[in-house]
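Below is one structure, written out as structure tokens, with a few remarks after it.
Quick note: the coordinates plus some simple rules give every number you see, no bench work behind them. Given the structure is predicted, the values throughout are model-derived calculations rather than measurements. Positions of Cβ are backbone-derived with ideal geometry, glycine not excepted, and every protein chain shown enters the neighbour counts.
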Amino acid sequence: MRAVVAFLAVLTVTPSLAAGTVEAGSGSEAPGAVTVTGSGPVTTAIVVEVLETGQGPDGRVEKRFVEARRLKAGEEVYYTIRVTNPGKTPVEDVVVTKRLPFGVDYIRGSAAGPACDVEFSTDGGNAFEARPKSGEYTHVRWTFGHPLAPGATALLRFRAIFR
């Protein structure tokens, strides 16, 4: 089953990439290696895409995001983590940690999130820094600067190169 969500382009979400509900504060790791902590429950979903370039019906070059199904070495991959507060009260102290998938190299400077501090680990998630001096990144962590409002969704993003 496929669901299509509109956001600046067409994002395809498949059940295999959705992570389901995680009780924030439990430190539970959801499928897709996302860990969420905070003062209440949130849901997370991971969307993994590539940017496809083609020719539109009018001859213009069109770019669109499509589900990353098969990757080639050197291909750029776009990751989006949708963090939603399904509750009726704000979720405070939200921290989302994403283990980088095997076989990808994080593109420095590409991680972003609304009012978030972004940090990285090079040691398997034991320690995090805003700008590690050396080493291959193993995890990305977003610390929300504000509570996640009831019904709100925050989009956390980063890019990587498939090896």
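Overview of results
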read-out	value
Qualifying GluC sites (Glu not before Pro) for segment 30-104 [loop in DSSP, other Cβ within 10 Å: at most 14]	Glu92
Cα-based shape type of segment 35-163, given that a ≥ b ≥ c are square roots of the gyration tensor eigenvalues and the cut on a/c is 1.5	oblate
Label point at Ser39 placed 7 Å out along Cα→Cβ; residues across segment 70-95 whose backbone nitrogen lies under 20 Å	83-95
Prolate/oblate/rounded call for segment 50-90, Cα gyration tensor, a/c under 1.5 rounded	oblate
Per DSSP, loop chymotrypsin sites (Phe, Trp or Tyr not before Pro) in segment 64-163 with at most 10 further Cβ within 10 Å	Phe102
Förster-model FRET efficiency, 30 Å R0, Ala112 and Val61, C-beta, rounded to 0.05	0.75
Approximate spin-label separation Leu155-Glu52, in nm, with each point projected 7 Å along Cα-to-Cβ	1.9 nm
